[in-house]
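These notes concern the structure reproduced below.
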Amino acid sequence: MKNYILGLLLLANSTAYLNAQVPIPVKAQEKSIMLVGGTAHIGDGTVIANSAIGFEKGKLTFVGSATLFSNDNNKYTVLDVKGKHVYPGLILPNSQLGLVEVSSFKATDDMSETGTFNPNVRSQIAYNTDSENIATMRFNGILLTETTPTGGIISGLSSVMELEGWNWEDATHSVDIAMHMNWPAKNTRSFDFATFTVKESPNKNYDKEVGEIAKILADATAYMAVSDKKMNLKLDKMQGLLDGSTILMLHASDAKEIIEGVNLLKENGVQKIVVVAGADALYVSEFLKDNDIAVVLPPVHSLPSRDDEDIDLPYRLPYLLTEAGITVGLSHDGMLANARNLPFYAGTASAYGMTKEDALKTVTSNTAKILGIDDRVGSLEVGKDATLFVSEGDALDIRTNILTHAFISGKGVKLDNKQQELYHRFSNKYGHTIDK
């Protein structure tokens, strides 16, 4: 009987899987392509009306006015995108995309490792290109993600992955670009069920945990100075922090934690620091500017963290930090599926102080600069990767951002996803007229 039930379950799972296949990866770019007539949003604040955007072998070869384009010898396959908008591919930083599928199902969760200090953990090789979440992100223009491990004080190394490919090798864009550190909280919170209130108390282990961070950084410095040494994988992976080849992403929620964290890291030779924080980054904005530190913000579609903060502070935060002279990138935390709203976070920022093109930077060129990949992506410039998309309208507007084309390193990716499949299935079932 048990075998019979197991067989039915396996059959049900396999049937569901067949009905919800992810789009088949596509081949590398074979024909040179020119997008003509669209409004190009370069990603650096520049807008070109009636543009021509050409690319071949995965690289941009022409970016300019369509009046300057000449298709000699029919070199390019021309796609008419008149009336549409062309954008660089959006970049989703600090994400567990590809590492977790269903958060409540442990077997699909591969985003953290046991232990407090895991600098040797690498997210790249755990990236699952068959995740159904990936296609839903591409549908809104997100074409790159920084897939990031979580947990402990040092979570491990993140890599930038393309949202296209058969496996993690195909999808890899930039390897081990950043190490993520969760700074210890100065205060701990607990919920009192008797009074239904949140109680806050000092973290008694704070000094001890900070001391452990200082120790592993000192050990890494000492390890780096020894020429003839036995391999220590954890300390070896920390060498990039000291020679500047790896970014340190400091996750801190409190203003004092941000200052103490940055100071300790700099004192111990860490070269490149980015802060992942919310509104408290605003309260230490002058400190961050003086230390040339960029900020990655959580979703702007959230409530204030303090009772005395303005209700719309999260919406205005990207603008306020930008005005303070800080490079700002937008990200997502919480339910992974909602990360597809990344462009609309930027849209909200544009409604609360930022211009449209400056808001676009927070999900394109700013993020590329923060992750150290701006030499390849983040803006539409000759020589960079042909990672871009075409939308019928404003990419930052949930009503009009309807993609017609998307390219990742020149590959024309499929935009179908499970949500579209379900929409068409049930629209047909109930006799509604739908667009293809």
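Summary of values
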{"item": "Degrees between helix 2-19 axis and first principal axis of the chain (Cα, 0 to 90, nearest 10)", "result": "60 degrees"}
{"item": "Size of electric dipole in the chain: Cβ of Lys, Arg +1 and of Asp, Glu -1, about Cα centre, debye, nearest 20", "result": "1060 debye"}
{"item": "For segment 191-339, diffusion coefficient by Stokes-Einstein and Kirkwood Rh (Cα), 37 °C, 0.692 mPa s, µm²/s", "result": "187 µm²/s"}
{"item": "Net charge of neighbours whose Cβ lies under 11 Å from the Cβ of D44, counting Lys and Arg as +1 and Asp and Glu as -1", "result": "-2"}
{"item": "MRE, 222 nm, helices only [DSSP H, n ≥ 4, -39500 (n - 2.57), over the chain, to nearest 500]", "result": "-8500 deg cm²/dmol"}
{"item": "Inter-probe distance in nm under a simple model that places probes 7 Å from Cα toward Cβ, at E113 and L68", "result": "4.8 nm"}
{"item": "Separation of the T188 and D236 label points, Cα + 7 Å toward Cβ, nm", "result": "3.6 nm"}
{"item": "Calculated Cα extents along the principal axes in Å (choose from [x] 96, 65, 42; [y] 78, 48, 44; [z] 68, 67, 56), label", "result": "[z]"}
{"item": "Charge sum, other residues only, whose C-beta stays under 10 Å from G383's C-beta, Lys/Arg counted +1 and Asp/Glu -1", "result": "0"}
{"item": "Sequence-distant residues sharing a close amide H with T246 (under 5 Å, placed H)", "result": "L241"}
{"item": "Placed amide H near I402: partners under 5 Å, 5+ positions off or other chain", "result": "E392, G393"}
{"item": "Gain on full stretching of the segment that runs from D308 to Y423 - 0.36 nm per residue minus C-alpha separation", "result": "37.2 nm"}
{"item": "Between helix 342-351 and the chain: long-axis angle, C-alpha atoms, 0 to 90°, nearest 10", "result": "90 degrees"}
{"item": "Sequence-separation-based contact order of segment 116-377, relative, with Cα cut under 8 Å and 6+ spacing, percent", "result": "13 percent"}
{"item": "In order through segment 77-82: 3J(HN,Hα) via Karplus (6.51 cos²θ - 1.76 cosθ + 1.60), integer Hz, x for Gly, Pro", "result": "7, 8, 10, 7, 10, 4"}
{"item": "Residue list for segment 278-299, given a label point 7 angstrom along the Cα-to-Cβ vector of Q271 and an amide N cut-off under 17 Å", "result": "292-294"}
{"item": "Stretchable slack from A218 to Y283, in nm (0.36 nm times residue separation minus alpha-carbon distance)", "result": "20.4 nm"}
{"item": "For segment 327-338, Karplus couplings with θ = phi - 60° (6.51, -1.76, 1.60), whole Hz, Gly/Pro x", "result": "6, 10, x, 9, 9, 9, 9, x, 4, 4, 4, 6"}
{"item": "Lys/Arg +1, Asp/Glu -1 at C-beta; the chain dipole; positive extreme among S409, Q420, I258", "result": "Q420"}
{"item": "Spin-label pair D416/D397, simplified geometry with 7 Å Cα→Cβ offset, distance in nm", "result": "3.0 nm"}
{"item": "Cα-based helix-to-principal-axis angle, 255-267 vs the chain, degrees rounded to 10", "result": "80 degrees"}
{"item": "Long-range amide H partners of V78 with built H, under 5 Å", "result": "M34"}
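Every number in this text was worked out from the coordinates using simple rules, so none of it is lab data. All of these numbers come straight from a predicted model, not from anything done at the bench. When we count neighbours, we look across all protein chains shown, and the Cβ atoms used for this are built from the backbone with ideal geometry, even at glycine.
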